[in-house]
Amino acid sequence: MDNAKTILCIGAGYVGGPTMAVIADKCTDYKVIVVDLNKERIDGWNSDKLPIFEPGLDEVVKRARGRNLFFTTDVAASIKEASIIFVSVNTPTKTFGEGAGMAADLQYWEKTARAIIEHAEDDKIVIEKSTLPVKTAEAMHRILESNDKGLHFDVISNPEFMAEGTAVDDLRNPDRVLIGAMETERGQKALKRIVDIYSCWVPAEKIKTTNVWSSELSKLVANAMLAQRISSINSISALCEKTEAEINDVSDAIGMDSRIGAKFLKAGVGFGGSCFKKDILNLVYLCKHYGLPEVADYWEQVVKMNDFQETRFVRRVIKNMFNTVAGKKIALFGFAFKANTGDTREAPAIYISKMLLDEHASLSIYDPEALDNAKIDLADQEGDIEFVNDPYECAEDAHAILIITEWDEFKNYDYSKILKSMKKPAFIFDGRNILNHKELFELGFNVSPLGSPDMLNL
Ligand code: NAD
Ligand code: UGA
């Protein structure tokens, strides 16, 4: 196959895997290689049990794999072969040195740039797929151009907006594809080659091109604005619990205003996921760096409100259960940071579990997809924790059930059977407002919907 139509993606994670699978599926005249240093992950991508759970992904991968989609650990050979290189490695929050706890840790990103220099034998287009601080492309371009082989690299920003759980649909029907390029002749030529890839299936009006800096910054801002909506509605859920207003009604009422819109107004136990918190903190760090402390404080409050929401949820559990959960079995329904994924990165369940363990509660945890990750997340925790594969067993002899993730299946359980098996008085704290609270209350549960007053049978 023509080297101009060979794409490589470095990083076979939640973004690299699904994104490249959809590109290969839609653009059959391109060869798409995905490389990762993690052999277990690559073996997973080459097997029947993919390393991530994502609805619809199995079919897409099966259709393209071995045809024009390949997963490998051979970094050197794949860099040599491709002329277009997407970089989708992890960019976590820095845990050391300057900017620790806030700035993005760019070490994985820089290592890939150095690997590209080492193995490249011709000019390449290098695309930032990872979420990066604004101005990273400038540093990247300098590093790449420092090669002593006389090679030229064009750096393009093409941030990803898919959400987990709906990744395949989001990638097939994106609201927009954003591509930022340098405003030079070379930059614009490179931009056209990336536009050509997406044009295989994305309508032209949905492909937005900008300069690199706007593209990099837009990604951080999109996540910050989405998270801000969640923190805003969560802050109001606290007020609802004090005033007999109901958060779902408030969300519906304000969401019907077309200027506000209905999406991302669901109050819950707090936002999780690998990106919202890290990207906002990254934005906060950038604002501080550029001497804008007021702007930094404004955005930091979104994260603080999220921490408050997680803590507030646990405080309500303890208060309603007669101010102590010590020695009581608490059933957690759900551990993933959202439904339809097994991902638990930054999941509110982790913080909620730790707070309850600090109070000496005994935890029983059920999740349809995330138990393996939950075990890893809580591996260092002392205390009584069990992970069970059956929700009925999870709730047996429990004093309370906490709904932490909005899995559909939780709505369809036989709660009268569950109630019979629980210790009395039995409590349900619906952290996602997905259950029928009136019915549960009438069955005899003490129900605490998030953002609405308690419904107590005591
Ligand atoms: P991930 O941790 O699932 O995957 C990253 C992969 O990169 C890992 O498998 C790791 O082994 C690999 N890697 C790291 N360094 C490497 C190197 N030098 N060579 C080869 N492989 C290397 O991360 P992710 O969730 O896919 O996120 C990747 C980026 O995309 C992040 O910047 C994130 O902010 C952004 N993003 C994530 C999502 C999401 O839903 N998860 C959505 C949009 C954007
Ligand atoms: C989010 C963005 O939605 C994507 O556009 C972006 O590409 C991605 O981050 C990223 O950069 O990683 P994701 O984290 O996968 O996607 O999932 P979301 O659907 O955004 O949910 C994030 C968290 O917010 C979840 O914990 C979810 O339960 C919570 N949430 C979401 C609410 O509490 N209320 C809502 O109304 C919506």
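The values are calculated or read from the model by the stated rules, or taken from the named source; none is laboratory data. Computed from a prediction, not measured in an experiment: that's the story for all the values here. No Cβ is skipped: glycine too gets one built from the backbone with ideal geometry, and neighbour counts run over all protein chains shown. What goes into the accessible areas is simple: the full protein's heavy atoms, side chains included, and nothing from ligands, DNA or RNA. Shrake-Rupley method; radii C 1.70, N 1.55, O 1.52, S 1.80 Å.
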Do you know which residues across the range 311-336 are out of contact with any helix residue (DSSP H, G or I) (no Cβ under 7 Å at 6 or more places or on another chain) and among the aromatic types (Phe, Trp, Tyr)? Phe322
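Please list, ordered by residue number, the helices (runs of 4 or more DSSP H) wholly in the range 111-218 having 1 or more residues that are under 23 Å from Ala21 (Cα atoms) and in contact (Cβ under 8 Å) with a residue 60 or more places away in the chain. Steps first, answer last, please.
On the way: elements: 136-145, 167-172, 185-198.
Filter on the range 111-218 gives 167-172, 185-198.
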Could you tell me whether any residue of the range 30-38 is in contact (Cβ under 8 Å) with a residue 24 or more places away in the chain, farther than 30 Å from His289 by Cα, within 16 Å of ligand 2 (Cβ to nearest atom) and surrounded by fewer than 22 Cβ atoms within 10 Å (Cβ to Cβ)? no
Inside the range 350-458, counting only strands (runs of 3 or more DSSP E) that do not spill past its ends, which hold 3 or more residues that are open to solvent by 10 Å² or more (accessible area, probe 1.4 Å) and modelled with pLDDT of 95 or more? 385-387
Please state which one of Gly56, Gly11, Gly66 is on the phi > 0 side of the Ramachandran plot and either open to solvent by 60 Å² or more (accessible area, probe 1.4 Å) or away from ligand 2 (no atom under 16 Å from the Cβ) (or both). Gly66
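Kindly indicate whether Gly451 is touching a residue at least 60 places away in the same chain (Cβ under 8 Å), over 19 Å from Ser362 (Cβ atoms) and among the small types (Gly, Ala, Ser).
Against the criterion (touching a residue at least 60 places away in the same chain (Cβ under 8 Å), over 19 Å from Ser362 (Cβ atoms) and among the small types (Gly, Ala, Ser)), Gly451 qualifies.
Residue-wise test of (1) open to solvent by 30 Å² or more (accessible area, probe 1.4 Å); (2) within 16 Å of ligand 1 (Cβ to nearest atom); (3) aromatic (Phe, Trp, Tyr).
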{"position": "Val250", "(1), (2), (3)": "yes, no, no"}
{"position": "Met256", "(1), (2), (3)": "yes, no, no"}
{"position": "Leu265", "(1), (2), (3)": "no, no, no"}
{"position": "Val269", "(1), (2), (3)": "no, no, no"}
{"position": "His289", "(1), (2), (3)": "yes, no, no"}
{"position": "Ala296", "(1), (2), (3)": "no, no, no"}
{"position": "Glu300", "(1), (2), (3)": "yes, no, no"}
{"position": "Phe313", "(1), (2), (3)": "no, no, yes"}
Of the residues in the range 166-201 that are open to solvent by less than 10 Å² (accessible area, probe 1.4 Å) and out of contact with any helix residue (DSSP H, G or I) (no Cβ under 9 Å at 6 or more places or on another chain), the one that is nearest to Thr344 (Cα to Cα) is Ile194
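Would you mind stating whether Leu283 is touching a Ser or Thr at 6+ places or on another chain (Cβ under 7 Å) and either open to solvent by less than 40 Å² (accessible area, probe 1.4 Å) or within 16 Å of ligand 1 (Cβ to nearest atom) (or both)? Even if it seems obvious, please write down each step before you answer.
Values: touching a Ser or Thr at 6+ places or on another chain (Cβ under 7 Å): no; either open to solvent by less than 40 Å² (accessible area, probe 1.4 Å) or within 16 Å of ligand 1 (Cβ to nearest atom) (or both): yes.
Taking the combined requirement at face value, the residue does not satisfy it.
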Breaking point among (1) of a type outside the set (S, T, N, Q); (2) within 10 Å of ligand 2 (Cβ to nearest atom); (3) free of Cβ contacts under 8 Å to residues at least 40 places away in the same chain, for Leu292: (2)
Any chance Gly97 is surrounded by fewer than 17 Cβ atoms within 10 Å (Cβ to Cβ), away from ligand 1 (no atom under 15 Å from the Cβ) and either at pLDDT 95 or above or under 26 Å from Leu178 (Cα atoms) (or both): no
